[in-house]
1. Do we find that residue 181 is free of Cβ contacts under 8 Å to residues at least 12 places away in the same chain, farther than 20 Å from residue 72 by Cα and in contact with a Gly (Cβ under 8 Å, 6 or more places away or on another chain) in this structure?
2. Just need a number here: residues in segment 74-100 that are under 14 Å from the mean Cα position of the chain (by Cα) and within 22 Å of residue 177 (Cβ to Cβ).
3. State whether the residues of segment 76-94 include one that is part of a helix (DSSP H, G or I) and either touching a Leu at 6+ places or on another chain (Cβ under 8 Å) or charged (D, E, K, R) (or both).
4. Looking at (1) surrounded by fewer than 22 Cβ atoms within 10 Å (Cβ to Cβ); (2) on the phi > 0 side of the Ramachandran plot, which one does residue 146 not meet, given that it meets all the others?
5. Consider residue 117 against the criteria (1) free of Cβ contacts under 8 Å to residues at least 60 places away in the same chain; (2) assigned to a loop (DSSP other than H, G, I, E, B); (3) not aliphatic (A, V, I, L, M): it satisfies all of them except one. Which criterion is unmet?
6. Quick check on this structure: which one of 186, 227 is of a type outside the set (A, V, I, L, M) and more than 19 Å from the chain's Cα centre (by Cα)?
7. So which residues in segment 107-128 are surrounded by fewer than 20 Cβ atoms within 10 Å (Cβ to Cβ) and in contact with an Asp or Glu (Cβ under 9 Å, 6 or more places away or on another chain), if there are any at all?
8. So which residues in segment 79-88 are in contact (Cβ under 8 Å) with a residue 24 or more places away in the chain, within 21 Å of residue 218 (Cβ to Cβ) and surrounded by fewer than 18 Cβ atoms within 10 Å (Cβ to Cβ), if there are any at all?
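The values are calculated or read from the model by the stated rules, or taken from the named source; none is laboratory data. What you see is a predicted model; the values in this text were computed from it and never measured. With ideal geometry, Cβ positions are generated from the backbone for all residues, glycine too; neighbour counts draw on all protein chains shown.
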Amino acid sequence: MKNKQTARITIIFALFVFAHSCAPKPNTLPKNEYGLSEISNIKTYQSVIVLDSNQIMVNITEHIKDILLDLRYASVNNFMHREMYPANTSFTFLRLPAEKALQQVQQTLQNKGLGLKIFDAYRPFDVTKKFWDLVHDERYVANPAKGSGHNRGIAVDLTIIDSKTKQELDMGTGFDDFTDSAHHSFTAFPEKIIANRKLLKETMQQYGFKLFETEWWHYSWPDPEKFEIMNLSFEDLKKIAQ
């Protein structure tokens, strides 16, 4: 029995080493039309996470207790007034370190009787190209020549809710407001709104997220260069995400 167990472990280890040796290194990943390394099929994704577990995409709602989703781009309730994701998509993803940090944010807020609502997280690269074709303005959408934190699975758009009522705290503007009043530096609000924004900002920063100055709702995990552009569909990712 002991010899059989030893042989089994040896085989598993050998398979892991083989997979590791065959996995594409970041500089050998396929390039898209913009010259960016892109993970666009399941096989490539699976080989990449063998090399680096931080690249794992995690289904947020399966791992963060009581977090709410209001994926605006899976409806017409967004500044584009059209569905950019499959209609009524009810799940989304973040890379492993960002998801772990968001768990801590949620727990800290829950201790105060609050919680998080997610407007957007992972965004397939093809959707970013569609945004750019429609808007073509870097003030409002990401330039696909650069990619975005959403494409890399490290950016999240969110707000705070009351855990009991599920109502959003007043942040002064709604999501995807492109006026100066959405900026973190804008202070011409009542103290309560300033306090709400401060709570979101300080809690997100406490667990490692970086703010985006012109959008109070947008936070990213640092070091985007460590994460490749992703172009897998929501359904494909759901099949293989942790």
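1. On the way: free of Cβ contacts under 8 Å to residues at least 12 places away in the same chain: yes; farther than 20 Å from residue 72 by Cα: yes; in contact with a Gly (Cβ under 8 Å, 6 or more places away or on another chain): yes.
Judged against the criteria, residue 181 is a match.
2. 1
3. No, the conditions are met nowhere in segment 76-94.
4. Against the list (1) surrounded by fewer than 22 Cβ atoms within 10 Å (Cβ to Cβ); (2) on the phi > 0 side of the Ramachandran plot, residue 146 comes up short only on (2).
5. (2)
6. Values: 227 fails: more than 19 Å from the chain's Cα centre (by Cα).
Going through 186, 227 in turn, the sole match is 186.
7. 110, 113, 114, 117
8. Across segment 79-88, the qualifying residues are 79, 80.
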